[in-house]
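*Asks:* Following this message is one structure expressed as structure tokens.
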Amino acid sequence: MLQFNENGIYCPDGNFYIDPWKPVGRAITTHAHSDHARPGSKHYLAHRDSSAVMRLRLGADISLQTLGYGEPLAINGVKVSLYPAGHIPGSAQVRVEKGGEVWVVSGDYKIQPDGVCEPFEPVPCHTFITESTFGLPVYHWQPQSLVFQDINNWWRQNQSAGKVSVLCGYSLGKAQRIVKNIDLGIGRVFSHGAIFNVNETLREAGLDLPFLPKVTDGFSKKDFEGALIVAPPSVGGTTWLKRFGPHSLAVCSGWMQVRGNARRRNVDRGFVLSDHADWDGLLYAVKATAAEKVFVTHGFTSIFSRYLNETGIQAAEVKTEFGTEEEDTPNTEKAA
Amino acid sequence: MKRFAQLIHEISSSTKTNDKLDALVRYFQAAHDADKLWMLALFTGRRPKRVINSTRLREWAAELAGIPLWLFEESYHSVGDLAETIALVLPEPVQENDQTLTEWMMWLAKTGRLEEPERKTNIVEAWQSLSVNQRFVFNKLLTGGFRIGVSKQLVINALAKTYGMESSVVAHRISGNWTPDSTTFQQLVLSDEIDTDASKPYPFYLAYQLDSSLDELGKPSEWQAEWKWDGIRGQLIKRSNEIFVWSRGEELMTEKFPEYQLLLHHLPDGVALDGEILPWKDDAPLPFNLLQTRIGRKNLTKKILQNAPLVFVAYDLLELENQDFREKPLSERRDNLANLIENAGHPVLKLSPIVEFENWEVLTKKRQQAREVGSEGLMLKKLDSVYKVGRKRGDWWKWKVDPLTIDCVLVAAQKGHGRRANLYTDYTFAVWDGGKLVTLTKAYSGLTDKEFYQVDSFIKKNIVEKFGPVRTVKPELVFEIGFEGIAESKRHKSGVALRFPRMLRWRQDKQKEAADTLENVKALLNTTA
């Protein structure tokens with residue numbers, strides 16, 4: 001029912017694409033990260049909670065239709081519906097059904113609830129198209145509460161050492177997860193401009209997030225004393241950090257699980273916190289869908305599909321142009 | 001063990017030397033003496049023997065993790081560190097364990113003596129009782145590959161800071177032939193008693209590469225120049241009527257150099273010489289790779305000894321008649337050294353000659369002859385300099401000749417380890433030989449992080465074939481490779497071996513056709529000694 005062509009994942013019966021990497025007529029967008037929501041398509045369809053950020057990033061004037069989770073929509077006789085992917089606010093798996101056959105495209109997803117977005121919901125299907133960003137058995141996530149305990153402790157230690165805490169996370173998804181789960185009683189929290197814009201857009205759209213002032217020249221070193229600054233990873237090694245005086249720089253990313261990746265980032269601390277599924281999470285999702293056939297996109301595709309085949313689940317790897325975002329690769333030097 | 005694992009974690013996750021120093025000081029303040037002694041042993045390269053070969057370890061880890069072996073291997077290629085891979089794939093611990101580092105070291109020694117099935121039971125049980133961080137350290141100890149991103153100097157500084165001692169005193173005390181079984185922390189570090197270890201070396205004085213103009217050094221008459229030899233820096237000691245040889249890495253290597261035993265009756269007791277271990281024939285040094293192959297051999301056959309006969313080219317005197325000479329000026333040490341060598345009168349012990357010069361221009365010209373005499377440049381030492389501890393600026397400089405260079409094509413790559421895990425950073429290079437590319441050398445260093453990312457991304461898109469962890473790559477990128485020397489070699493396909501090859505530049509301006517030929521490369525054989 002779905003095919004892979006040079007533009008993306010295509011449904012010939014419905015004449016639409018899912019997360020196309022080239023401009024097409026009709027695009028269904030799983031979520032608003034830039035490798036899944038690309039500009040130039042005529043019409044977009046996405047979850048309601050994705051619309052504000054999609055308009056922020058792709059333009060206010062895009063033609064965008066939205067759906068809630070579980071709301072069916074018929075496109076040229078193909079039944080389309082969206083289900084929570086638990087990746088970032090508004091992220092969705094796309095369920096496509098025709099003549100009793102069901103395919104599900106996961107987009108990016110994580111299993112563990114993050115307190116910000118609707119948690120992942122497995123959708124039974126015949127064919128499942130899954131990501132595999134962390135598809136190696138070395139990736140195991142701790143419960144998020146433990147990670148935030150570590151983060152809160154790190155913040156407190158920095159306070160007593162007279163250092164400002166700069167915590168980096170991708171501006172859409174990770175940053176909101178940090179803001180929502182950090183102990184706001186410890187001290188003041190500021191946001192970098194890029195994160196401020198996303199936060200305010202989401203707040204206006206109705207997401208329950210605390211207001212964080214933006215780091216501007218209006219604040220002095222004194223204002224930042226003992227504070228936590230939420231920033232995108234691209235601030236590492238830039239002069240933007242100078243305004244805070246002595247500080248500790250940390251990154252939240254699943255890649256921090258491996259020491260080599262952490263050392264390469266050249267930060268003071270790495271917290272293992274990801275918006276993707278870990279190894280067990282990927283296996284859980286695949287099994288929970290009860291799919292007979294699995295296509296594996298971006299990540300450790302060949303390894304994960306070989307493992308699925310050996311455990312009796314028919315799987316094949318697919319080359320896509322996903323996985324170019326900040327969170328998707330350990331070797332990123334700059335981020336949006 | 002918890003505390004030790006915490007120390008390793010803090011050290012390896014920190015990028016600032018001061019934070020590492022603080023972590024070490026905290027450890028020295030908090031840990032028990034027995035653990036401190038073991039920690040010191042591990043941090044100064046006194047590693048325990050490997051308890052188990054890594055093949056078994058991989059099998060057992062995969063079994064306990066419930067994954068096929070190939071998946072474990074793939075994980076290892078991605079993580080780039082065996083101990084860490086095992087630590088990460090294993091399930092969460094099922095029990096607690098609060099054994100100390102010392103207790104674990106005892107456990108290790110005991111487990112090493114067991115039959116394989118019992119050894120497996122012990123190791124699996126240990127894995128199930130340790131957290132990920134502790135498991136990582138434990139695996140490092142198991143595999144004997146214990147290396148930490150901390151210089152010995154930093155450990156010395158931390159000890160000095162903790163106990164209010166001079167770092168040069170600490171450096172000397174913790175050197176030598178001790179093991180945690182032969183001494184105590186109190187005795188080794190804190191006691192003023194005269195040492196009973198006759199082999200004990202002095203810490204080496206190391207020089208930086210000259211980075212200013214010669215004129216800034218002051219008057220030429222205040223300086224001494226020598227050739228910088230391309231061998232192994234060593235310390236030759238005779239005490240208690242025994243010869244000891246230490247390498248710069250403070251490894252006792254006496255057995256590797258039987259030639260030096262010939263000096264036993266030619267040297268007085270209580271001397272320590274600093275110099276170069278060099279293969280030598282017909283009044284000239286032989287290429288370094290002869291020494292390298294010799295070092296690698298377990299048994300030194302007659303043939304090897306004939307092919308690579310060693311001499312000790314001495315350039316400093318650290319001890320004479322059991323007296324520490326390091327505080328005397330170089331000129332005085334040198335006079336005594338010359339006398340000593342003349343009196344010894346043995347061809348295995350040579351005095352490193354002084355390179356005469358009246359002014360800096362003359363010296364600059366003489367440096368050009370460095371390769372002809374088989375050296376890699378000059379050493380400049382101030383005549384009134386004392387013999388310091390560790391790498392220090394000011395009184396001693398090395399002034400190497402510019403490296404030889406060739407342009408090569410990248411033809412294969414492998415992922416790196418440690419901070420380069422998951423990134424293709426270990427490259428194989430080739431040159432042209434009659435229209436075909438022939439593999440010449442490997443190189444791992446010399447690019448910036450940013451360049452490594454770019455090359456890594458090129459490689460990932462241009463893989464031709466897989467051989468285990470090695471990927472052959474579409475030949476396209478050209479790099480300028482610098483190296484210190486070149487010698488004929490039967491072990492390499494190209495017939496030559498390069499000394500200390502590294503990438504000097506990524507020649508993005510060059511097409512692969514413009515890379516050098518094997519003929520060009522072989523022509524360099526004749527220009528060097």
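*Asks:* Which shape class applies to chain B: rounded if a/c is under 1.5, otherwise prolate when a/b exceeds b/c and oblate if not, where a ≥ b ≥ c are the square roots of the Cα gyration tensor eigenvalues? Don't jump to the answer; show the numbers that get you there.
*Replies:* On the way: a/c = 1.79, a/b = 1.11, b/c = 1.61.
Since a/c reaches 1.5 but b/c is at least a/b, the shape of chain B is classed as oblate.
*Asks:* A follow-up question, please. Report the local net charge at B:GLU251: Lys and Arg +1, Asp and Glu -1, summed over other residues whose C-beta lies under 13 Å from its C-beta. Numbers along the way, then the final one.
*Replies:* On the way: positive: B:ARG46, B:ARG47, B:LYS152, B:ARG233, B:ARG248, B:LYS256; negative: B:GLU250, B:GLU255.
Charge balance near B:GLU251 sits at +4.
*Asks:* With a ≥ b ≥ c the root eigenvalues of the C-alpha gyration tensor of chain A, is it rounded (a/c under 1.5), prolate (a/b larger than b/c) or oblate? Don't skip to the end; give the middle numbers.
*Replies:* Details: a/c = 2.21, a/b = 1.60, b/c = 1.38.
Prolate, since a/c reaches 1.5 and a/b exceeds b/c.
*Asks:* While we're here: For helix A:193-204, report the angle its Cα long axis makes with the longest principal axis of the Cα atoms of chain A; keep it between 0 and 90° and round to the nearest 10°.
*Replies:* Value to nearest ten degrees: 60.
*Asks:* Further question: Among residues other than B:ASN97 whose Cβ falls under 12 Å from its Cβ, what is the net charge (Lys/Arg +1, Asp/Glu -1)? Mind dumping the intermediate values first?
*Replies:* Numbers: positive: B:LYS2, B:ARG135; negative: B:GLU96, B:ASP98, B:GLU103, B:GLU125.
Residues near B:ASN97 contribute -2 overall.
*Asks:* Let me ask something else. Counting other beta carbons within 10 Å of each residue's own, what order do A:LYS110, A:LYS242, B:LYS200, B:LYS238 fall into, fewest first? If you can, show how the numbers build up before the last one.
*Replies:* Details: A:LYS110 28, A:LYS242 8, B:LYS200 18, B:LYS238 22.
Ordered from fewest to most neighbouring Cβ atoms within 10 Å, A:LYS110, A:LYS242, B:LYS200, B:LYS238 come out as A:LYS242, B:LYS200, B:LYS238, A:LYS110.
*Asks:* With labels modelled as points extended 7 Å from the Cα through the Cβ direction, what inter-label distance (nm, one decimal) is found for B:ARG26 paired with B:GLN186?
*Replies:* 2.8 nm
*Asks:* In peptide B:73-79, what is the residue-averaged number of other protein chain Cβ atoms found within 10 Å of each Cβ?
*Replies:* Numbers: counts 0, 10, 8, 1, 2, 9, 7.
That works out to 5 on average.
*Asks:* Further question: Report, in degrees rounded to the nearest 10, the 0 to 90 angle that the Cα long axis of helix A:301-310 makes with the longest principal axis of chain A.
*Replies:* 60 degrees
*Asks:* Packing-wise, with mean Cβ within 10 Å as the measure, how do A:7-16, B:117-126 rank, highest first?
*Replies:* Working: A:7-16: 18.7, B:117-126: 15.4.
For the peptides A:7-16, B:117-126, the packing ranking is A:7-16, B:117-126.
*Asks:* Moving on. Using only Cα atoms, tell me the angle between helix A:144-160 and the longest principal axis of chain A; keep it within 0 to 90° and round to the nearest 10.
*Replies:* Between the helix axis and the principal axis of chain A, the angle is about 20 degrees.
*Asks:* Still on this structure: Per residue of A:305-318, count partner chain C-beta atoms within 10 Å of its C-beta, then hand back the mean as an integer. Present the calculation step by step, with values, prior to reporting the outcome.
*Replies:* Values: counts 0, 4, 5, 0, 0, 3, 1, 0, 0, 0, 0, 0, 0, 0.
Rounded to a whole number, the mean comes out at 1.
*Asks:* Give me the extension gain from B:LYS510 to B:GLU321: residue separation times 0.36 nm, minus the current Cα-Cα distance, reported in nm with one decimal.
*Replies:* Details: separation 189, 0.36 × 189 = 68.04 nm, distance 6.08 nm.
Extra length available between B:LYS510 and B:GLU321 comes to 62.0 nm.
*Asks:* On to the next question. Counting only the backbone N, which residues of the stretch B:23-52 are under 15 Å from the spot 7 Å out from the Cα of B:LYS161 toward its beta-carbon?
*Replies:* B:23-30
*Asks:* Amide H of A:TYR170 versus every other amide H placed in the peptide plane: which residues, excluding those fewer than 5 positions away on the same chain, fall under 5 Å?
*Replies:* Excluding prolines and chain starts, which carry no amide H, the hits are A:ALA175.
*Asks:* Then there's this: Considering only the stretch B:380-529, what is the antiparallel percent among its DSSP beta bridges, to the nearest 5? All intermediate terms of the calculation are to be shown ahead of the outcome.
*Replies:* Numbers: 35 of 36 bridges.
So the antiparallel bridges amount to about 95 percent of the total.
*Asks:* Compare the peptides A:148-159, B:94-105, A:223-234 by average per-residue count of other Cβ atoms within 10 angstrom and give them in order, highest first. Don't jump to the answer; show the numbers that get you there.
*Replies:* On the way: A:148-159: 17.4, B:94-105: 15.5, A:223-234: 21.4.
So the peptides A:148-159, B:94-105, A:223-234, ranked by packing, come out A:223-234, A:148-159, B:94-105.
*Asks:* Given the peptides B:182-189, B:270-277, arrange them by the average over their residues of other C-beta atoms within 10 Å, most packed first.
*Replies:* B:270-277, B:182-189
*Asks:* Averaged over B:81-87, how many beta carbons belonging to a partner chain fall within 10 Å of each residue's beta carbon? Display every interim value, and only then the final one.
*Replies:* On the way: counts 3, 0, 0, 5, 4, 1, 2.
Across the residues of B:81-87, the mean count of other-chain Cβ atoms within 10 Å is 2.
*Asks:* While we're looking at this one, here's another question. Classify the protein assembly as shown as rounded, prolate or oblate, taking a ≥ b ≥ c as the square roots of the eigenvalues of its Cα gyration tensor: rounded when a/c is under 1.5, otherwise prolate if a/b is larger than b/c and oblate if not.
*Replies:* On the way: a/c = 2.06, a/b = 1.81, b/c = 1.14.
Prolate shape, in that a/c is at least 1.5 and a/b is the bigger ratio.
*Asks:* Cut-off is 10 Å between beta-carbons; in what order do A:TYR170, B:TYR260 appear when sorted fewest neighbours first?
*Replies:* Details: A:TYR170 28, B:TYR260 24.
Ascending number of Cβ neighbours within 10 Å: B:TYR260, A:TYR170.
*Asks:* Past 20 Å, Cα to Cα: identify those pairs from B:LYS442/B:LYS512; A:LYS222/B:LYS16; B:LYS228/B:LYS365, in the order given. Walk me through the numbers before you get to the answer.
*Replies:* Details: B:LYS442/B:LYS512 17 Å; A:LYS222/B:LYS16 25 Å; B:LYS228/B:LYS365 15 Å.
From B:LYS442/B:LYS512; A:LYS222/B:LYS16; B:LYS228/B:LYS365, over 20 Å: A:LYS222/B:LYS16.
*Asks:* Efficiency by 1/(1 + (r/R0)^6): what FRET value for B:VAL169 and B:ILE463, r their Cβ-Cβ distance, R0 = 56 Å, to the nearest 0.05?
*Replies:* Numbers: r = 54 Å, r/R0 = 0.97.
According to the calculation, E is roughly 0.55.
*Asks:* Could I ask something else about it? Add +1 for every Lys or Arg and -1 for every Asp or Glu among the other residues with Cβ under 14 Å from the Cβ of A:ARG26, and state the total.
*Replies:* Values: positive: A:LYS22, A:ARG38, A:LYS42; negative: A:ASP13, A:ASP19.
My count for the surroundings of A:ARG26 gives +1.
All of the numbers you see were taken from the coordinates with simple rules; none came from a lab. Here the structure is a predicted model, which means the values were calculated and not measured. Virtual Cβ from ideal backbone geometry, glycine too; neighbours counted across all protein chains shown.
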